[in-house]
Structures are given as C-alpha cells and as structure tokens.
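S.K.: One structure, pasted below without further comment.
The values are calculated or read from the model by the stated rules, or taken from the named source; none is laboratory data. Computed from a predicted structure; not experimentally measured. All Cβ positions, glycine included, derive from the backbone under ideal geometry; neighbour counts span all protein chains shown. Keep in mind that these areas ignore ligands, DNA and RNA; they rest on the heavy atoms of the full protein, side chains included. Shrake-Rupley method; radii C 1.70, N 1.55, O 1.52, S 1.80 Å.
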Amino acid sequence: REFLVHQRDAFAYLHDQTVRMMNAGMTAREIAEEMRMPPSLDRFLAVHGYYGTVRHNVKGIYQFYLGAYDGNPANLNPLPPQESAQRWLDLIGGADKAVAAAQTAYDQGDYRWAAELLNQAVFGAPEHKGAKELLARTYEQLGYMAEAATWRNSYLTAAMELREGPPKKGVDRSFV
C-alpha cells in the first residue's frame with residue numbers, strides 16, 4: 001500500500017507541476033531541466049528514476065497534452081541530422097574545432113554539452129575517429145552517472161557501437 005501511495009503521489013506531482021509549467025509557457029525541455037521531486041517524495045527510493053526518469057516522465061506528460069511540437073517554428077521542419085551537422089561544422093570551422101571544444105567541456109565535467117558538440121561532429125564527419133572515441137567516452141561518463149537503467153544502457157550501448165559499429169546481425173526471430 002505504501003509503495004502504491006508513493007507512486008500515485010509522485011505521478012500526481014509530476015503531472016500537476018508539468019501542466020503548471022506548460023501553462024506558464026515552458027517547453028518540454030525547459031520543464032525537464034527545471035522539475036525536481038519535493039523532499040517529501042524524493043526520500044522514498046521507489047519513486048527514484050531507476051527505470052524511468054523525471055526528465056522522461058515530464059516530457060511524456062507534455063507530449064500527451066501538446067504533442068512533440070514545442071511551439072518554436074524553427075522546429076517545424078528541421079534539416080535531417082547529418083545535413084544539419086555538416087552545416088554546423090562548416091560554420092564553426094570543422095570537426096577538429098568541435099572536438100577540441102568538446103574535449104574542453106569533457107575535461108570540465110560538462111558531459112551533456114560535450115555530447116551535443118560531438119553528436120554534431122560524428123553526424124557531420126562520420127569518418128572522424130577522434131570525435132567517435134571522445135563521444136564514446138562521454139557516453140560512458142553519462143552512463144555511469146545515470147540513475148535510470150534505461151538511460152545507462154542507452155549510453156553504454158551507443159559507446160560500444162561507436163567503437164565497434166552496429167550489430168552485424170539482427171535478432172534471431174526463427175523461434176517465432
């Protein structure tokens with residue numbers, strides 16, 4: 001009973017606060033950055049983000065009510081990731097500059113920013129081995145810091161695939 005009560009209260013809090021912030025004009029990403037569980041709920045380990053996360057949950061609530069569109073017209077019809085990344089790299093002077101800036105961010109423990117920079121470098125210059133290796137190391141750090149197993153697995157799988165490539169064979173479905 002106690003477990004269910006805490007789950008109910010946690011999701012009610014996330015829902016109500018997300019809707020409040022939506023009504024204040026905040027986007028899903030802004031809400032995810034701002035939202036914190038109150039101490040009265042945070043002290044219960046069962047409501048921590050071992051599977052889902054507060055960031056994921058509030059984005060899901062936002063999407064339920066308002067969809068994926070964040071109200072910014074620049075996000076209506078963005079370029080595909082590879083083309084956008086190539087243009088960003090051209091603008092900043094190439095993949096080497098992006099990797100150098102990302103290395104600085106990495107060294108300062110700013111792994112989220114390093115990942116954003118390196119994501120552009122890997123999409124825009126997929127042959128750049130330094131970008132791939134630093135992004136793999138960055139994903140490992142983000143994975144080690146992740147409370148949610150789903151996030152940790154995603155980060156660590158991506159790090160492995162950056163180093164080894166994607167799986168050679170898909171799932172064997174012959175048993176179906």
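S.K.: Find the residue count for the stretch 161-176, including only residues that are open to solvent by 80 Å² or more (accessible area, probe 1.4 Å) and in contact (Cβ under 8 Å) with a residue 12 or more places away in the chain.
M.R.: Count: 1.
S.K.: What number goes with the only condition from (1) closer than 22 Å to residue 141 by Cα; (2) of a type outside the set (A, V, I, L, M); (3) assigned to a loop (DSSP other than H, G, I, E, B) that residue 69 does not pass?
M.R.: Answer for residue 69: the failing condition is (1).
S.K.: Follow-up. One residue is enough: does the stretch 44-65 have a residue meeting the conditions touching a Phe, Trp or Tyr at 6+ places or on another chain (Cβ under 6 Å), of a type outside the set (Ser, Thr, Tyr) and closer than 25 Å to residue 6 by Cβ?
M.R.: yes
S.K.: Based on this model, can you work out whether residue 85 counts as farther than 25 Å from residue 33 by Cα, among the hydrophobic types (A, V, I, L, M, F, W, C) and at pLDDT 95 or above?
M.R.: No, not satisfied.
S.K.: Are any residues in the stretch 96-108 of a type outside the set (D, E, K, R) and open to solvent by 40 Å² or more (accessible area, probe 1.4 Å), and if so, which ones?
M.R.: 100, 101, 103, 104, 108
S.K.: Can you say whether residue 72 is surrounded by fewer than 11 Cβ atoms within 10 Å (Cβ to Cβ), at pLDDT 95 or above, over 30 Å from residue 127 (Cα atoms) and not β-branched (Val, Ile, Thr), as far as the supplied structure shows? Spell out how you get there, then give the answer.
M.R.: Values: surrounded by fewer than 11 Cβ atoms within 10 Å (Cβ to Cβ): yes; at pLDDT 95 or above: no; over 30 Å from residue 127 (Cα atoms): yes; not β-branched (Val, Ile, Thr): yes.
Answer is no for this residue.
Every residue, every condition in (1) farther than 26 Å from residue 87 by Cβ; (2) open to solvent by 90 Å² or more (accessible area, probe 1.4 Å), yes or no:
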| site | (1), (2) |
| --- | --- |
| 110 | no, no |
| 113 | no, yes |
| 119 | no, no |
| 122 | no, no |
| 132 | no, no |
| 146 | yes, no |
| 154 | yes, no |
